[in-house]
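The values are calculated or read from the model by the stated rules, or taken from the named source; none is laboratory data. Every value quoted in this text rests on a predicted model; they were computed, and no experiment measured them. So basically every Cβ, Gly included, is an ideal-geometry build from the backbone, and we count neighbours across all protein chains shown.
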Amino acid sequence: MKTDKQLADPFLGKRIVRYDKWLKEGQISASSKVIPVSESLSGQQWVLPTEQVREILGNADSVAVQNCACRSHYSRCDKPLDVCFLLNSVGDKFVSSGKARYVSPAEITEILKKANENGLVHLALYMPDHEIFALCSCCPCCCHELQIVRLTGRKDLMVRSEYVAVTDFEICVHCGECVERCFFKARIYDEKEMKYNFQTCLGCGLCVEICPVGATTMVLRDS
């Protein structure tokens, strides 16, 4: 595994330097946080409002969307680009410069649906004031946050969600569909069986909706 100094990619290196400066100065406790997809939490009466993507966006004074900077930079996949939400003053700034556009609640719903259909994980990004300034829908091949964690092991930069996936192996048919969607390698396919390490799960919820038999659900991590 590469260390920060061995990471030759300037696109990622620039962000690591920025994050380390903010961490050292106590301006942030993490650069991002995993947020479960809303569909994985449907029907749960105890869902915390701060854990719902629509709540985060609905509580913002303004919401804008721009093309994902990471996928635009790397172009390693064909996942949708226009799924990166910018909140409040950051969004206003990007709209005024012509780099983003405001979106209505109806369009937000459609964008989130498109992101989920394409198996993208939601990450809330933080600025030094600890406020969420962006909510991105990310892929592991392009996203700078996911790449930094995967290539450098800097798990201190990413906060897991309050939820964790639980799989009932009496129902599971070991089809492997959830393995394809697990960015954090909590699920692997070993010969003819799917094996799951819940301690590695960061709680994105992408595995829930893809399960054809409903074997996987999300529960509060502390429970």
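Some notes on this structure:
- Top-ranked residue in the range 182-222 [being touching a Gly at 6+ places or on another chain (Cβ under 8 Å) and either free of Cβ contacts under 8 Å to residues at least 60 places away in the same chain or more than 20 Å from V37 (Cβ to Cβ) (or both); ranked as surrounded by the fewest Cβ atoms within 10 Å (Cβ to Cβ)]: Y189
- Residue match in the range 122-130 (condition: more than 24 Å from D222 (Cα to Cα), among the aliphatic types (A, V, I, L, M) and out of contact with any Leu (no Cβ under 8 Å at 6 or more places or on another chain)): yes
- Residue within the range 116-135 that is among the hydroxyl-bearing types (S, T, Y) and touching an Asp or Glu at 6+ places or on another chain (Cβ under 6 Å) present: no
- Looking across Y102, Y126, one residue alone is of a type in the set (S, T, Y) and closer than 18 Å to A30 by Cβ. It is Y126.
- Flag for V65 being at pLDDT 95 or above and either farther than 22 Å from I210 by Cα or in contact with a strand residue (DSSP E or B) (Cβ under 9 Å, 6 or more places away or on another chain) (or both): yes
- Summed over the range 112-128, the residues that are in contact (Cβ under 8 Å) with a residue 60 or more places away in the chain and over 13 Å from the mean Cα position of the chain (by Cα) give a count of 2.
- For the range 134-157, the criterion of being among the small types (G, A, S), modelled with pLDDT under 90 and in contact with a Pro (Cβ under 6 Å, 6 or more places away or on another chain) is met by no residue.
- Among the residues of the range 185-198, those that are closer than 16 Å to D168 by Cα and under 20 Å from the mean Cα position of the chain (by Cα) comprise A186, R187, I188, Y196, N197, F198.
- Count of residues meeting criterion [touching a residue at least 40 places away in the same chain (Cβ under 8 Å) and within 24 Å of G26 (Cα to Cα)] in the range 132-150: 9
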